[in-house]
1. How many residues, within the range 284-309, are touching a helix residue (DSSP H, G or I) at 6+ places or on another chain (Cβ under 7 Å), at pLDDT 90 or above and not in a helix (DSSP H, G or I)?
2. Within the range 130-160, can you find the residues that are assigned to a strand (DSSP E or B) and closer than 20 Å to residue 379 by Cβ?
3. Of all helices (runs of 4 or more DSSP H) completely enclosed by the range 1-81, which ones contain at least 3 residues that are at pLDDT below 75?
4. Of all residues in the range 337-362, which are in a loop (DSSP other than H, G, I, E, B) and modelled with pLDDT of 95 or more?
5. Can you confirm whether the range 211-228 contains a residue that is over 16 Å from residue 267 (Cβ atoms) and assigned to a strand (DSSP E or B)?
6. Which of (1) over 23 Å from residue 330 (Cβ atoms); (2) surrounded by fewer than 16 Cβ atoms within 10 Å (Cβ to Cβ) does residue 315 not meet, given it meets every other one?
């Protein structure tokens, strides 16, 4: 059973399904008299909730969970009953089918509660007549090292395996919850864009008409908060450099339709998907803090990052977030590689000033790309998703 609730998790889950098929096919079948043997010559079956990528990978979806992705306290409260319904449906599905493994891909708030509910149920009903002991896996560590550190103990209680994509996370968990099995498998971006030429950038000389990429995020709330600021920054940048070209990349048609309903510059290209191709061509990006900043890092694209939320959510976040930056490349480098602007600091003026500075200062741009190359080198070699699949298969070979 696989659960992914966001566009990025949907892609990662689909890649994992393919890797698990290959790993399980390579394992020699063990035939036994068990009426329901765990390891047979049969094709493994995958079901759960996710998005179109998982569906294309052959996962039987109960529903598309990625269509309902929200962020922040207000989004959760507003859609509480809807998500409660999704939660209950998935719990019933798990109890009906009793999967050997439940893989939770990112989407930590929902998935952490789901894993707890399943483990609690299985522990209460473990006896002679009830021997279902599902293994639970979290693929991509929740950012508990950034806020609410105590949740690490909940993760250790309810997960059998945590698959980490950042190198520092394994040691962080080992110091706090040493009994939790954590494996650093590497970052999936390395595999995903290995053939795309990321990191081998063209000449430092800018073209006559540099391309600015707008990456406002993958959720409607991010689009609502980030798009006006980005469009304002683009207008100021073009007032200073009229030759600039601009393109916005969004993950799905529904977000693109939302964006088009705003007042957009007539020559702003709106593209659905194809992020890697756009990053190959981009000279600079205005991006939300999130997964996409690591993709900018992989392709060596200097970026200016921002994050805005509702006032109440921001005030709560200020009290619990412990890290200095919300931009992952900055955290990995322990320095401000990408200029970052949060909440009230994220203005069109601040973004345009930082972006124009990166475009005009060739030495600064070169230093940024050198930092990005070091960050990418720290993510591990190719094969992250395959290593994740192997870790899950190894877990199945061990006693529950």
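The values are calculated or read from the model by the stated rules, or taken from the named source; none is laboratory data. This one's a predicted model, so the numbers in the text were calculated from it and none came from an experiment. Neighbour counts run over all protein chains shown; Cβ positions are idealised from the backbone, glycine included.
1. Of all residues in the range 284-309, those touching a helix residue (DSSP H, G or I) at 6+ places or on another chain (Cβ under 7 Å) come to 284-288, 291, 293-306, 308-309.
The next check asks that each one be at pLDDT 90 or above; those that pass are 284-288, 293-306, 308.
From what is left, the residues that are not in a helix (DSSP H, G or I) are 284-288, 299-306, 308.
Going through the range 284-309 one residue at a time, the tally reaches 14.
2. First, the residues of the range 130-160 that are assigned to a strand (DSSP E or B): 130, 135-139, 147.
Within the range 130-160, 138, 139 meet the criteria.
3. Working: elements: 7-26, 52-56, 72-78.
Here the list reads 72-78.
4. The first filter runs over the range 337-362 and keeps only residues in a loop (DSSP other than H, G, I, E, B), leaving 337-339, 346-347, 361.
The answer is 337, 338, 339, 346, 347.
5. Restricting attention to the range 211-228, the residues satisfying the condition of being over 16 Å from residue 267 (Cβ atoms) are 215-228.
Retained after the next criterion (residues that are assigned to a strand (DSSP E or B)): 215.
Yes: the range 211-228 contains one or more residues that are over 16 Å from residue 267 (Cβ atoms) and assigned to a strand (DSSP E or B).
6. (1)
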